[in-house]
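The values are calculated or read from the model by the stated rules, or taken from the named source; none is laboratory data. Quick caveat, the model's predicted, so the values are computed rather than measured. Cβ coordinates were reconstructed from backbone atoms using ideal geometry, including for glycine residues, and neighbour counts include every protein chain displayed.
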């Protein structure tokens, strides 16, 4: 009997097991594009860029440590309490790839094996927005002190209902913006009724029966029906919904930016914005995100063994 031999293409996992060297262009770039470059590029939240070999190479050992300890990508949900569709944690195979690359001395490999570079919309982590809403004026952030939450009403001018599938809140000055929440205020809502469009507004606070100060945004029940459209905090991803799911902005609605600023010893200005990408057609399901707060809970004082607080 005559035997004939044919070449076999091994899957990447088998090649790795067989000792095939891991290189930047062939093995590492696909992981960085999928998991890291959204934040690790100029103008984004991460403090370093991973768009090229020259930028990534000095951080190989730090990347190894970060993925082994699962500090990166940031994902803090406890896996014991459910599976999340937006889970950012790395699968073991990708962790192994980055670790093997760092352990091998972070070789570059052949550029011809690299995938096509990702294209990012200028100034956004989402595709080019269909609509952008920006604070009409810069807000002056003082060098010191506690800054009350600022609420800025921005009319959408929509003459017809809009379905939003993708949304991103972007700080104008990351050095002082702690977080942004963009709310949808529908026509007829009495929430923040005294606020003037475009003018930063601080709601009046009131004292509860127990004497505690209550948040101004909760002064009336109308706030409970206000929808949270999207938000920003360092490390937070934009809202990207699967096809068939979207959020509704009714005609005539306003967007309300809740801006939380933190003084850092220097005076700053900020002019933040929100970008929206509309669904191509009315979705099968509407997603509505509301808020729940409890301003009345009390944390008991911890008493030491000698009776001292």
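Let's see how each residue does on (1) modelled with pLDDT of 95 or more; (2) out of contact with any strand residue (DSSP E or B) (no Cβ under 7 Å at 6 or more places or on another chain):
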site: 206; (1), (2): no, no
site: 224; (1), (2): no, yes
site: 235; (1), (2): no, yes
site: 238; (1), (2): no, no
site: 245; (1), (2): yes, no
site: 251; (1), (2): yes, yes
Verdict on residue 72 being assigned by TED's automatic domain parsing to the domain that holds residue 27, crowded, with 16+ Cβ neighbours inside 10 Å and not in a loop (DSSP other than H, G, I, E, B): no
Residue satisfying condition, being touching a residue at least 60 places away in the same chain (Cβ under 8 Å) and surrounded by 19 or more Cβ atoms within 10 Å (Cβ to Cβ), within set 263, 251, 246: 246
Lone unmet requirement of (1) in contact with a helix residue (DSSP H, G or I) (Cβ under 9 Å, 6 or more places away or on another chain); (2) assigned by TED's automatic domain parsing to the domain that holds residue 157 for residue 271: (1)
Residues of region 83-109 classified as more than 28 Å from residue 238 (Cα to Cα) and surrounded by fewer than 11 Cβ atoms within 10 Å (Cβ to Cβ), total: 1
Single residue of region 16-58 satisfying the filter (within 13 Å of residue 96 (Cα to Cα) and modelled with pLDDT under 75) that is surrounded by the fewest Cβ atoms within 10 Å (Cβ to Cβ): 19
